[in-house]
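Peer 1: To start, I am sharing the structure in question, which I have written as structure tokens.
The values are calculated or read from the model by the stated rules, or taken from the named source; none is laboratory data. Here the structure is a predicted model, which is why all the values come from computation and not from measurement. All Cβ positions, even for glycine, are placed from backbone atoms using ideal geometry, and neighbour counts span all protein chains on display. For the accessible areas, the whole protein counts, side chains as well, though only heavy atoms, and no ligand, DNA or RNA atoms are used. Shrake-Rupley method; radii C 1.70, N 1.55, O 1.52, S 1.80 Å.
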Amino acid sequence: MSNIESVLNETRVFNPSADFVKQANISGMDRYRALCKAAEQDYAGYWANQAREHILWHTPFTKTLDESKAPFYKWFEDGELNVSYNCLDRHLATQPEKTAIIFEADDGKVTKINYRDLHARVCQFANGLKSRGIKKGDRVVIYMPMSIEAVVAMQACARIGAIHSVVFGGFSAQSLHERIVDAQACAVITADAQMRGGKVMPLKTVVDEALAMGGCDIVKSVIVYQRAKSDVAWNAQHDVWWHELVAEQAPTCEPEWVGAEHPLFILYTSGSTGKPKGVQHSSGGYLLGTMLTMRWVFDYKPTDIFWCTADVGWVTGHSYVAYGPLAVGGTEVVFEGIPTWPDAGRFWKMIQDHRVTTFYTAPTAIRSLIKLGGELPKQYDLSSLRLLGSVGEPINPEAWMWYYTVVGKERCPIVDTWWQTETGCHMIAPLPGAMPLKPGSCTLPLPGIIAATVNEAGDDVSDQHGGFLVIKRPFPSQIRTIWGDPERYKKSYFPDEMRGAYLAGDSASRDKDGYFWIMGRVDDVLKVSGHRLGTMEIESALVANPLVAEAAVVGRPHDIKGEAIVAFVVLKGSRPADAAKAKELAETLRNWVGKTIGPIAKPDEIRFGDNLPKTRSGKIMRRLLRAIAQGLEITQDVSTLENPAILEQLKEVIK
Ligand code: WT7
């Protein structure tokens, strides 16, 4: 626990304004405490009530929580529903004309689609999937740009009970291949290309490359949405154009009613081994989590224009782009491009143009926009905003203050939402009409979420001390298993020491008010620009290069990205002879990692040594590498080191 240092010196407190409290869905701390109490007194009853209130069930459930096969929990198991029905059909009678999605393309072109038309398009595409023989339980990989079609593809899978696995468009052919094979997907939905910052980036070519890597015979369909009219190779055996597939399809499609535990999707994320984990989510519990948090944390109102900037390739884009906002019947913005193009005012212009009320983005985006134009928001009319959100990594108090004052004009509460791919929805986050905010803290657990900080033995640590963040009771939206690897699920999240609590992999401390302050990952996972990357994954990519004998990857604090990636590499031959050679090699290896995993995983810096610092038993001493990467004086005990001389070599920075 020695590396967990608490940083509890932030004393500013921001109370929600009286106006905000008055209109909030949950007003005041008493309401919050009452909900917490209800959950405490009758845990299952509390969740059952929520599930009945928020979800439209085709067959009502009679069992709420089954813990008999813990940690393989089952929620609402005998209930039947369809997630797409809950997101679309339920709004058809009441608000068919309401805009569901305002899509803004990279080039600024805006397309709006209302609930009636979105429903029709989802149905048509669902029928198209069925015409390709895709059915309930089949896995479908989605590798698409941010678009209405990406949401349609996900919703259509949900409609027919197919399990989607969205792969972020920035991942390489190899990463895509690994995910297609692991999930044994029978179809891939993609686009010819994606547009980002004025550039055309191929997607279909990457899919072709992935399929050519072998072991993908099970893929019978590659459905291609034409986005950029770019040239693509065509394999008539399995390739089919999106527009041709839907052309003759009926605009209605009876939803497939599935059990609440039927997997809605798999989403791969990094852990502490080289192989990404396929996080498997349920239908009922997951949907409940997204709907509840839309109402509680985002204080959703029918008049809102909601904008979550996350890509659908990440869990945030699942819960708060593809599902949550539609399930509550909202209007949301979906954006194809990047925040810095054509200039760093893009987000602010879009908030102005679309009259966005609720804006949800990542600290890394906020920090880069401060750097590129801290005054820019002042040039736009941001008066439509009423609530701001942050997600993906701790937000530093300076960035929080800027967001609060310059973007929110001190009118808008900021919801700093702590959660993970595995939790499906917010876990620790402010209820904006109730909680006083402290910059840098995600505040208190949502009602019914029993979060705590514990030591290695699983015992509670007292406030103002660091500990492992755990969630002590099962909750509806949580991960059900790791696809194809239940043992790894148990080992990663429910190790024996934690005595049944869910181990999040973060460290945190609580202040005197019980507020949580997240300090970062305690496993070998980095958060680089909010993206989750396993150091082992990057290491295995490096050692797969024929030049590399050994590699160790660590994180280093970075002003904008949160963390930067530093790789220490031992070559098979000798160390590069001079700086020029080292630079050239470093570039080669950076590109190699970009090609193997994806550009987001490229190391920011690579250092070469004749060896790595190891204990006599051969274990790499990462603590030392982290210190070296930060240019810190090494104060740790190095007496157990096999080869202390190596430290000097690794301190050398290539200029
Ligand atoms: C990890 C999960 C949450 C959806 C997007 C990321 C870090 C996330 C916060 C926050 C401090 C945060 C944690 C967590 N994290 N939100 N508000 N404050 N840290 O999902 O890729 O699964 O990453 O992101 O370290 O474990 P993810």
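Peer 1: Strictly greater than 18 Å: what percent of every Cα pair in the stretch 341-411 meets that?
Peer 2: Result for the distance tail: 30 percent.
Peer 1: Quote to one decimal, in nm, the extra length available between His558 and Leu92 on full extension: 0.36 nm per residue of separation minus the C-alpha distance between them.
Peer 2: Computed gain between His558 and Leu92 is 163.0 nm.
Peer 1: To check you understand DSSP bridge types, tell me what percent of the beta bridges within the chain (both residues inside) are antiparallel, rounded to 5.
Peer 2: Numbers: 56 of 96 bridges.
So the antiparallel bridges in the chain amount to around 60 percent.
Peer 1: Still on this structure, please answer the following. Given charges of +1 on the Cβ of Lys and Arg and -1 on the Cβ of Asp and Glu, with all other atoms neutral, how large is the dipole of the chain about its Cα centre, in debye to the nearest 20?
Peer 2: 340
Peer 1: Rule-of-thumb check for the stretch 490-632: C-alpha Rg over 2.2 N^0.38 Å?
Peer 2: Relative to the rule-of-thumb radius for its length, the stretch 490-632 sits at 1.18.
Peer 1: Using the scaling law 2.2 N^0.38 Å as the reference, what is the normalised Cα Rg of the stretch 587-648?
Peer 2: Ratio of Cα Rg to 2.2 N^0.38 Å: 1.32.
Peer 1: Using a cut-off of 14 Å between beta-carbons, work out the net charge of the residues near Lys112 (Lys and Arg +1, Asp and Glu -1, Lys112 not included). Before the final figure, lay out each step's value.
Peer 2: On the way: positive: Lys98, Lys109, Arg116, Arg121, Arg355; negative: Glu97, Glu104, Asp117, Glu332, Asp353.
With Lys, Arg at +1 and Asp, Glu at -1, the net is 0.
Peer 1: Also, I was wondering about something else. Of the listed pairs Lys277/Lys583; Lys277/Lys472; Lys37/Lys277; Lys409/Lys472; Lys204/Lys275, which have alpha-carbon separations greater than 28 Å here?
Peer 2: With Cα atoms farther than 28 Å apart: Lys277/Lys583; Lys37/Lys277; Lys409/Lys472.
Peer 1: What distance in nm lies between label points placed 7 Å from Cα along the C-beta direction at Glu209 and Phe72?
Peer 2: Once both label points are built, they end up 3.8 nm from each other.
Peer 1: Turning to a different aspect of this structure: Could you compute the net charge surrounding Cys442? Neighbours are other residues with a C-beta less than 14 Å from the C-beta of Cys442; K and R count +1, D and E count -1.
Peer 2: Summing Lys/Arg as +1 and Asp/Glu as -1 gives -4.
Peer 1: Now for a separate question. Just to confirm, what accessible area per residue do you get for the chain at 1.4 Å probe, in whole Å²?
Peer 2: 38
Peer 1: Rounded if a/c is under 1.5, else prolate if a/b beats b/c, else oblate: with a ≥ b ≥ c from the C-alpha gyration tensor eigenvalues square-rooted, which is the stretch 49-201? Show your work: numbers first, answer last.
Peer 2: On the way: a/c = 2.06, a/b = 1.27, b/c = 1.62.
It comes out oblate by the Cα gyration axes.
Peer 1: Can you work out the Karplus-derived ³J(HN,Hα) for every residue in the stretch 402-418? Use 6.51 cos²θ - 1.76 cosθ + 1.60 with θ = phi - 60°, whole Hz, and x for glycine or proline.
Peer 2: 5, 4, 5, 8, 7, 8, x, 6, 6, 9, 9, x, 10, 9, 8, 9, 8
Peer 1: Can you list which of the GluC sites (Glu not before Pro) found in the stretch 327-388 are DSSP loop residues with at most 14 other C-beta atoms within 10 Å?
Peer 2: Those that pass, being in a loop and sparsely packed, are Glu375.
Peer 1: Where does the stretch 180-252 land on Rg/Rh, using Cα atoms and the Kirkwood Rh?
Peer 2: 1.00
Peer 1: With only alpha-carbon atoms in the gyration tensor, what are the semi-axes of the equivalent ellipsoid for the stretch 363-518, in Å, largest first?
Peer 2: Taking √(5λ) for each eigenvalue gives 33, 17, 14 Å, largest first.
Peer 1: Loop-only GluC sites (Glu not before Pro) in the stretch 448-545, please: DSSP not H, G, I, E or B, and at most 11 other Cβ atoms within 10 Å.
Peer 2: Glu456
Peer 1: Let me ask another. Across all directions of projection, what mean area in square nanometres is found for the Cα convex hull of the stretch 143-213?
Peer 2: On the way: hull surface 18.5 nm².
For the stretch 143-213, averaging the hull's shadow over all directions gives 4.6 nm².
Peer 1: Which one of Pro71, Pro302, Val188 is farthest out on the positive end of the charge dipole of the chain, using unit charges on Cβ (Lys, Arg +1; Asp, Glu -1) and the Cα centre as origin?
Peer 2: Checked the options; the winner is Pro302.
Peer 1: Another question about this same structure. Using only Cα atoms, what Kirkwood radius does the stretch 271-386 have, in angstroms?
Peer 2: 15.5
Peer 1: Another question about this same structure. Carbon and sulfur together cover what percent of the accessible area of the chain at a 1.4 Å probe radius?
Peer 2: So the carbon and sulfur contribution to the accessible surface is 51 percent.
Peer 1: How are the C-alpha pair distances of the chain spread across 20 Å bins, as whole percents from the shortest bin up?
Peer 2: The percentages, shortest bin first, are 19, 54, 26, 1.
Peer 1: In the calculated pair distance distribution of the stretch 191-307, what percentage of Cα-Cα distances lie above 18 Å?
Peer 2: 73
Peer 1: So if we plug the beta-carbon distance of Lys37 and Glu10 into 1/(1 + (r/R0)^6) with R0 = 30 Å, what FRET efficiency do we get, rounded to 0.05?
Peer 2: Working: r = 28 Å, r/R0 = 0.95.
The value I calculate is 0.60.
Peer 1: Tell me whether the stretch 456-541 comes out rounded, prolate or oblate; compute the Cα gyration tensor, take square roots of the eigenvalues as a ≥ b ≥ c, and use a/c under 1.5 as the rounded threshold.
Peer 2: Oblate, because a/c is 1.5 or more while a/b does not exceed b/c.
Peer 1: Looking at the chain, which Cys residues are left with no other cysteine's beta carbon under 4.7 Å from theirs?
Peer 2: Cys36, Cys87, Cys157, Cys186, Cys216, Cys308, Cys412, Cys425, Cys442
Peer 1: Would you kindly compute the Cα radius of gyration of the stretch 247-297 and its largest Cα-Cα separation (Dmax), both in Å?
Peer 2: 15.9, 47
Peer 1: Moving on to the next point. In the calculated pair distance distribution of the stretch 1-138, what percentage of Cα-Cα distances lie above 27 Å?
Peer 2: Percentage above 27 Å: 57.
Peer 1: From the phi of every residue in the stretch 170-181, what ³J(HN,Hα) in whole Hz does the Karplus formula 6.51 cos²θ - 1.76 cosθ + 1.60 yield, where θ is phi - 60° and glycine or proline is x?
Peer 2: Each residue of the stretch 170-181 in turn: x, 7, 6, 4, 5, 4, 4, 4, 4, 6, 4, 5 Hz.
Peer 1: In the neighborhood of Asp506, defined by Cβ-to-Cβ distances under 12 Å, what is the net charge if each Lys or Arg adds +1 and each Asp or Glu adds -1?
Peer 2: Combined, the nearby Lys, Arg, Asp and Glu give 0.
Peer 1: Let me ask another. Which GluC sites (Glu not before Pro) in the stretch 578-655 pass both tests, a DSSP loop state and at most 14 other beta-carbon atoms within 10 Å?
Peer 2: Glu633, Glu652
Peer 1: Report the per residue volume, in Å³, of the convex hull enclosing the C-alpha atoms of the stretch 294-453.
Peer 2: 108
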